[in-house]
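Okay, so here's the structure we're looking at.
Just so it is clear, none of the values below were taken in a lab; they were calculated from the coordinates. Note that the structure is a prediction, hence the values are computed from the model and not measured. All Cβ positions, even for glycine, are placed from backbone atoms using ideal geometry, and neighbour counts span all protein chains on display.
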Amino acid sequence: MAWGRFTLILSAFVLVAVPSFAADRVALVIGNGAYQRVPALPNPSRDAADITRALERLDFKVTQLNNATAADMRKSLVEFGRAAEGSMIAVVFYAGHGMEAGGENWLIPTDAALRSDTDVESEAVSLRSVNLQVSRARQLGLIILDACRNNPFEAKMKRSLSTRAVARGLAPTEPTDNVLIAYAARDGTTASDGDGRNSPFTTALLRHIETPGLEISFLFRRVRDDVMTATKREQQPFVYGSLSKEEIYLKAPAASASPIANVSTPPALSQTTAAPAEDEQFWRAIGTSTVTGLYEEFLSRYPKSSHVAEARERIKDLKSKQVAAASPTTVVSRSDKDTNIAKEDADTDQKSPDRNLFTSEDSQRVAAVGAEQQFKMPPFTIAATRGDALSPYSRFIGVWSTKRGEMERAATKC
């Protein structure tokens with residue numbers, strides 16, 4: 001009997017606990033188009049419906065409101081806040097009229113009259129209250145506002161104070177630390193409702209929101225570019241908020257291969273597409289160098305590389321050439337050498353402003369450092385410098401690599 005009671009209690013716990021897993025992602029979608037006192041907007045209801053279906057495919061538990069009154073919006077926001085508590089991601093999408101009044105942003109329900117600016121607080125819903133609800137999510141609270149359309153309420157609203165402005169578009173905002181707020185058009189500007197099924201902003205959002213592996217910041221960058229192209233740069237979406245370095249995806253990156261494919265793919269075949277090893281990259285960079293030190297550095301760093309024997313052979317060959325090239329007639333005293341350098345610099349300054357301060361070896365050194373540090377090196381050529389304001393000691397300008405692998409360039413004066 002006791003065991004039966006335990007089984008019943010456990011079953012009840014499981015039934016209650018399961019929905020909490022399904023609510024890791026929650027969303028509230030509102031489309032207000034059928035306004036009672038101003039001309040209707042054709043697209044918000046369609047925008048809301050299409051966004052709802054997209055979010056449901058992304059495993060969100062979605063509540064959708066169409067043509068909501070002020071009471072509907074406030075009640076739904078309170079219920080949504082409870083659902084967002086402890087969720088991973090909470091999203092609010094709003095399409096319809098929005099406005100700034102007295103420096104604060106408001107979403108306008110369909111039953112609003114707004115005869116005066118003092119009516120805003122009682123007849124509209126503040127963006128601040130929406131921010132408060134989505135901020136309850138653990139990872140991300142996301143507010144998406146396709147709500148900057150030309151506001152027909154502005155012209156007829158009476159002003160209680162001359163300093164209390166009812167401005168065009170929305171005001172900039174500063175959301176809490178885990179919240180992003182995306183405007184269809186940046187602060188102070190208005191957005192197009194569009195001529196198609198959806199507004200330009202929602203069209204771009206629907207195009208990218210289900211892209212696998214598209215991090216949230218890059219998602220809105222793509223939306224921005226698409227909207228600016230579609231509106232001939234007349235409308236620029238804008239995102240407010242600052243997140244941590246944690247990558248956030250509405251749709252996780254697709255697996256590179258299925259488990260079955262991984263099992264059936266021979267190891268040798270999968271390795272053929274891998275990037276070259278570090279020693280191979282370094283070797284490619286110095287492969288044609290005539291600088292002995294680069295090969296010695298290669299040996300010290302990669303003693304087990306397949307190019308070790310070849311590197312030793314290169315060092316031996318280069319050193320033998322250096323010995324053969326040396327002769328007693330080329331040895332001069334230090335004082336004679338300094339005199340010759342000064343004379344040569346003076347002669348060259350008079351003849352031509354072009355000075356070969358670097359050699360091809362410098363190019364090889366730079367390429368080797370870039371390969372070692374795995375820099376994405378652009379094509380480059382170190383050639384003669386130009387200018388007739390060179391000092392006699394400009395030839396001592398050099399390029400070298402520190403122990404940290406940083407490339408430095410400086411002039412050394414004797």
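A few remarks follow.
- Under 15 Å from the D59 label point (7 Å along Cα→beta-carbon), backbone N, the range 211-227: 211-214
- The calculated FRET efficiency for the pair Q236 and E210, based on their C-beta separation and a Förster distance of 35 Å, comes to about 0.90.
- Each listed q (0.18 Å⁻¹) maps to a log10 I(q)/I(0) for the range 18-240 from the Debye sum over equal C-alpha point scatterers, namely -1.38.
- Taking the DSSP beta bridges with both ends in the range 18-240, the antiparallel portion is around 30 percent.
- For the range 16-120, the percent of C-alpha pairs falling in each 5 Å distance bin, counted from 0 to the bin holding the largest distance, reads 2, 12, 21, 21, 18, 13, 7, 4, 2, 0.
- Evaluating 6.51 cos²θ - 1.76 cosθ + 1.60 at θ = phi - 60° for every residue in the range 55-71, the Karplus couplings come out as 5, 5, 5, 8, 6, 8, 8, 10, 10, 10, 10, 10, 6, 7, 7, 4, 5 Hz, glycine and proline recorded as x.
- Note on R233, R284: ascending count of other Cβ atoms within 10 Å places them as R233, R284, the fewest first.
- For F93, the amide hydrogen comes within under 5 Å of the amide hydrogens of L28, V29, I30, I144, counting only partners 5 or more places away or on other chains and with H modelled in the peptide plane.
- Shown here for the range 25-104: trypsin sites (Lys or Arg not before Pro) in loop regions (DSSP other than H, G, I, E, B) with at most 13 other Cβ atoms within 10 Å, namely R37.
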